[in-house]
Amino acid sequence: MQENNDLNYNFDIDQIMQTIRQEIKEKNLDHVILDFEEIPFQQEIRHTDSNPFQIDSLQQSMEYLSIRSQIDPYKQPIEGNFLVKFVKKVLRKLMKFYMMPIITEQNALNLHTANAVRQTNQYILSRTESDQINLAEFFSRMDTLELKQSADRQEIQALRSQVRALTAENEQLRRRLS
């Protein structure tokens, strides 16, 4: 009767190990344990120190921070048989006094960081809009000044022509008087 109450898991360890070895062979991995820094992963954001400011990168970071700003200490459900679940629950309870202040502090930092990035983004967008308005005014004023400059050049050219004509007329009058 004891046999009927026990959970019977029949695993073929040799088959599992063969599958793992085959995957290792296919992926050209060896048996050396990698350091954390050596584990390949795809970065979500490309960090380029040499490139100038990019608003898209700021907005991507802002979205990431907004979505992932809160850390849930019990994110992972407890899985396993009764004994494993019980031990994990006891361990969670025992570590709660230590982990919760750290998680609370990290959540506060994450929220303030997300808010700072959001405020920075809003400031940049408002400055960009303001700069575009100022730029439009600048171009309008520049066009006006260019037109005025062109009119002034024509007026100067006309005055120079008059001065030459008057100088020539003055020269003629002097010749007649002499």
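The values are calculated or read from the model by the stated rules, or taken from the named source; none is laboratory data. In this text the structure is predicted, and so the values were computed from the model without any measurement. A quick note on method: Cβ atoms are made from the backbone with ideal geometry, for glycine too, and the neighbour counts reach across all protein chains shown.
Here is how the numbers come out for the structure above:
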item	result
Extreme residue, modelled with the highest pLDDT, among residues of the stretch 49-69 that are over 18 Å from Ile124 (Cβ atoms) and not in a helix (DSSP H, G or I)	Ser69
Filter result (within 16 Å of Gln106 (Cβ to Cβ) and touching a Lys or Arg at 6+ places or on another chain (Cβ under 8 Å)) within the stretch 74-90	Tyr74
Of all residues making up the stretch 65-102, the number that are of a type in the set (Val, Ile, Thr) and surrounded by 12 or more Cβ atoms within 10 Å (Cβ to Cβ)	3
Residue check for Gln154: loosely packed, with under 11 Cβ neighbours inside 10 Å and of a type in the set (S, T, N, Q)	yes
